[in-house]
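Structure first, commentary second.
The numbers here are math on the coordinates, done by the rules we state, and not lab data. Just so you know, these numbers come straight off a predicted model, no measurement behind them. Here Cβ is always computed from backbone atoms with ideal geometry, including for glycine, and neighbour counts include all displayed protein chains.
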Amino acid sequence: MDMKAYIYLDNAATTPLDKRVLEAMLPYLTDVFGNADSPHAVGRKAMNAVDEARDTVAALIGARKNEIYFTSGGTESDNFAVLGGARAKRKEDRTKVILSAIEHHAVLFAGETLAKEGFDVVYLPVDESGRISLERLKTAVDDNTALVGIMAVNNETGVIQPVKEAAELAHAVGALFFTDAVQAAPHMPIRVKEWNVDLLSFSAHKFYGAKGVGALYIKNGVKVDKLVGGGEQERGMRGGTLNVANIVALATAYKLAREEMSQTEEKLRKLSDLFLREISVLSGITPNGERANALASVLNLRIEGVENTALLYKMDLQGVGFAAGSACASASVKPSHVLTAMGLTEEQAKQSVRISFGKNNTEEEVVRAARQFVQTVETLRQY
């Protein structure tokens, strides 16, 4: 299949590398190849690039330079925050962790790990709109709470969570507050001080950067146990040779994303609205999640009478790609934990798909994809 003609509508899973980001990376893959922790001139030049990248990221989220730690991506950052934060708080005899039921699998895995270590892990439910209940969180937190983790934006529905208010409730009982901002970072300005978060994660490949690099914000004064040992990189908090080229890519891509965010979001809103208009001829299509409180870029739709696996397969054969949910769970036959947490039945969850638009998509592509979607749904409903 000619991938240039393929219509890619799975941008919530990953985005293509921006050519401007590739240009910024290239010198650090070839000429400036030094280990950033080496004391000689070659190493110092690499470390200068890392320092500049750290300055850039810190400024863009309103943090201090020494509050930014580079990682291998969102999964590592999530694990670092949840495991490291909770374990550090255990030294204060706090053994309760509260996570929303719709967190990314990286966070849920960390929760399962903590439960095996003796923590009381509580999963906060969401309502049918896909949002957490602040009242339920207020009831759940207590003086034994070590950490509260609520994602900023859900990766399957695009629904935005009340992070700032949730952080206030966590801090009222002396708990740490962590937010997974992996899906938020490409689409909304991150303000760590305004949000009042202690820990925040994001990943470069969601905003046209390189895969395999992310960042974790750790507020100064917050104690977090290290997750990756074996070296004194990242101020002794995260061992491993720094991936200089990817770190440069993250900072470059995020700077571009922030500079172009307003126009990009306007375009994404138009594309998603266009897609919905084109498929409005179909009956039995229901959005999952409160669209008025969700990202413009993500549509999660339930298609009555059609299983998502069949729809995805048929659409892929026709040169259109999207997803049934999180890419990290795509090999699973289980229904989406996000959708079932919102009250959908397993059957309804298996009739749902996620379509996510990116800045490289065109109106012509979206119209063609939507018309193919209509044709394929009508065909499958005849079986």
* Structure fact -> Packing-ranked peptide list from 267-278, 336-347, 227-238, highest mean Cβ count within 10 angstrom first, is 336-347, 267-278, 227-238
* Asked: What do you get when you divide the Cα radius of gyration of segment 221-356 by 2.2 N^0.38 Å, with N the number of residues?
  -> 1.41
* Of the cross-linked pairs LYS19/LYS350; LYS314/LYS350; LYS96/LYS226, which ones have a Cα-Cα span greater than 25 Å in the structure shown? -> LYS19/LYS350
* To do: Return the distance in nm (one decimal) between the two label points of a simple spin-label model at MET261 and ASP37, each offset 7 Å from Cα along Cα→Cβ.
  => 3.3
* **Selection from VAL50, LEU60, ALA253, by position along the positive dipole direction of the chain (Cβ)** => VAL50
* Take the alpha carbon atoms of segment 185-220, find their center, do the same for segment 346-371, and report the distance between the two centers in whole angstrom. => 26
* To do: Mind checking which of GLY85, ILE7, SER129 is farthest towards the positive end of the chain's charge dipole, using Cβ charges of +1 (Lys, Arg) and -1 (Asp, Glu) about the Cα centre?
  => GLY85
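Pull up the DSSP beta bridges for the chain and report the antiparallel fraction as a percent, rounded to 5.
Just about 55 percent of them are antiparallel.
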* What is the gain in length, in nm to one decimal, between ASN220 and ASP127 on full extension, counting 0.36 nm per residue of separation less the C-alpha to C-alpha distance? -> 30.1 nm
* Could you give the nm distance between label points at ARG368 and THR345, where each point is 7 Å from its Cα heading toward the beta carbon? -> 3.8
* Structure fact -> One finds the C-alpha centres of segment 232-255 and segment 1-69 to be spaced, in Å, by 8
* Within segment 42-181, percent of DSSP bridges classed antiparallel, to nearest 5 -> 15
* Restricting attention to segment 31-82, which trypsin sites (Lys or Arg not before Pro) occupy a DSSP loop and are surrounded by at most 15 other Cβ atoms within 10 Å? -> ARG64
* Asked: If we sort 83-94, 113-124 on the protection proxy, mean other Cβ atoms within 10 Å, highest first, what's the order?
  -> 83-94, 113-124
* ASN293-THR30 FRET efficiency (beta carbon distance; Förster radius 35 Å; 0.05 resolution) -> 0.15
* Structure fact -> Percent relative contact order for the chain, counting Cα pairs under 8 Å at least six residues apart, stands at 23
